[in-house]
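Here is the structure we will look at.
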Amino acid sequence: MLIRIARGWEIPESKATPEAFVLGRRRTLGIGLGSALATFLPKMGHTQQMVSRSHRYDPGRPITPAQIVTTYNNFYEFGSDKDIWETAQGLPMHPWVIRIEGLVSKPRTIAMEDLLKQVSLEERVYRHRCVEAWAMTVPWTGFPLASLIRLAQPLSSARYVAFQSLVDAKYMPGVAEPFFPWPYIEGLTIEEANNELAFIATGLYGKPLPPQNGGPIRLVVPWKYGFKSAKSLVKITFTDRQPHTFWETVSPQEYGFWANVNPEVSHPRWSQATERLLGSDERVPTQIYNGYGEWVASLYPNKKDKRLFM
Ligand code: MTE
């Protein structure tokens with residue numbers, strides 16, 4: 001008999017316990033049950049911070065069911081199929097440290113829990129558009145990338161930020177594929193990185209970010225194709241050179257550094273005019289900058305450059 005046990009994140013959003021409640025309860029338990037539990041609890045995810053949803057970014061679309069968002073993934077370190085979620089469960093999420101280096105006043109290595117103590121968490125529901133022309137609507141928990149940049153104290157010579165994902169052959173079978181230029185690197189200009197929409201996610205549906213979605217910490221850049229949003233970050237480098245990014249290195253004819261969503265600029269092999277909303281049968285028109293032009297169009301005064309949209 002096949003018995004399927006639902007994982008912790010496989011519940012509809014309506015049933016998910018709000019993070020604020022979980023954190024409040026954790027605090028109560030920590031006091032009631034003493035230090036053994038108190039030392040265990042921080043390993044489960046966020047530190048004791050209240051999280052509320054920012055309605056400033058309401059997506060105008062229903063949230064995609066968690067069951068789809070957490071089982072239909074692109075994460076090539078685990079394999080090139082969409083169903084890597086089970087393999088990804090083996091990746092240890094704790095301890096996790098992130099290196100901040102390059103053109104900063106003081107390069108350093110920071111533990112995830114120490115980073116979380118220095119930022120304030122919020123929930124943002126963003127449209128998430130893959131270059132493959134599917135889209136989801138995702139409730140991320142996290143903090144603005146600009147807060148991390150403030151902590152990093154970049155020098156005035158820093159013009160770009162590069163994001164590097166973990167490579168660990170022990171847990172990631174995909175990295176044995178020598179065709180790909182591991183590690184996965186992505187990059188933004190410093191102006192893009194400081195834009196209020198650029199987000200560092202540490203949670204999903206009010207829970208810690210699961211490994212298949214880039215746990216414990218990833219980038220989210222909602223006006224760009226999903227491949228810009230590097231997962232499972234281990235290094236953030238401030239630099240004066242445009243980073244050589246993963247997909248641009250694999251196939252420069254198809255993927256560029258900028259990768260802003262644009263319905264009018266087709267991928268060489270398919271149109272970007274419409275997108276398939278996962279979880280429904282609907283195909284809807286693609287919006288320029290994924291509908292976030294109000295916040296980001298001013299970043300790109302030279303819109304005639306087609307490479308801005310690849
Ligand atoms: N980050 C890493 N390290 N490896 C990847 O393969 N895939 C990208 C991006 N970040 C990828 C990555 C692509 S193509 C997309 S569409 C999104 O992650 C998918 O994020 P999701 O699985 O959470 O929907």
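Does Gly256 satisfy the criteria of being over 21 Å from Ser156 (Cα atoms) and in contact with an Asp or Glu (Cβ under 7 Å, 6 or more places away or on another chain)?
yes
Restricting attention to segment 162-174, does a residue exist that is out of contact with any helix residue (DSSP H, G or I) (no Cβ under 8 Å at 6 or more places or on another chain) and in a helix (DSSP H, G or I)?
Yes, segment 162-174 has at least one match.
Cβ contacts < 8 Å: first residue on the phi > 0 side of the Ramachandran plot and in contact (Cβ under 8 Å) with a residue 40 or more places away in the chain, restricted to segment 58-82; second residue part of a helix (DSSP H, G or I) and near the ligand (Cβ under 10 Å from one of its atoms), any location; separation 6+ or different chain. Result?
Gly79/Gly174
Quick one: in segment 157-172, which of the residues that are more than 21 Å from the chain's Cα centre (by Cα) and surrounded by fewer than 19 Cβ atoms within 10 Å (Cβ to Cβ) is farthest from the ligand (Cβ to nearest atom)?
Among those residues, the one meeting the criterion is Ser157.
Can you name every residue in segment 263-310 that is assigned to a loop (DSSP other than H, G, I, E, B), touching a helix residue (DSSP H, G or I) at 6+ places or on another chain (Cβ under 6 Å) and either open to solvent by 70 Å² or more (accessible area, probe 1.4 Å) or not hydroxyl-bearing (Ser, Thr, Tyr) (or both)?
Val265, Leu278, Gly279
Filter segment 193-215 for residues that are farther than 24 Å from Asp168 by Cβ and assigned to a helix (DSSP H, G or I) and give the result.
Ala193, Asn194
Conditions (1) buried (at least 20 other Cβ atoms within 10 Å of the Cβ); (2) within 25 Å of Leu299 (Cα to Cα), marked per residue:
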site: Thr70; (1), (2): yes, no
site: Asp83; (1), (2): no, no
site: Pro92; (1), (2): no, no
site: Pro107; (1), (2): no, no
site: Phe143; (1), (2): yes, yes
site: Leu155; (1), (2): no, yes
site: Phe180; (1), (2): no, no
site: Pro183; (1), (2): no, no
site: Thr189; (1), (2): no, yes
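In segment 210-238, what residues are within 12 Å of His128 (Cα to Cα), of a type in the set (Val, Ile, Thr) and in contact (Cβ under 8 Å) with a residue 60 or more places away in the chain?
Hit for segment 210-238 is Val220, nothing else.
Restrict the check to segment 114-122 and report whether at least one residue is of a type outside the set (A, V, I, L, M) and open to solvent by less than 50 Å² (accessible area, probe 1.4 Å).
Yes, that holds for at least one residue.
So, in segment 227-281, exactly how many residues are among the aromatic types (Phe, Trp, Tyr) and over 30 Å from Lys106 (Cβ atoms)?
Qualifying residue count, segment 227-281: 5.
Go through segment 216-262 and count every residue that is more than 13 Å from the ligand (Cβ to nearest atom), surrounded by 23 or more Cβ atoms within 10 Å (Cβ to Cβ) and in a strand (DSSP E or B).
Here the count works out to 3.
The values are calculated or read from the model by the stated rules, or taken from the named source; none is laboratory data. Not measured: the values here are computed from a predicted model. Virtual Cβ from ideal backbone geometry, glycine too; neighbours counted across all protein chains shown. SASA here: full protein model, heavy atoms, side chains in, ligands and nucleic acids out. Shrake-Rupley method; radii C 1.70, N 1.55, O 1.52, S 1.80 Å.
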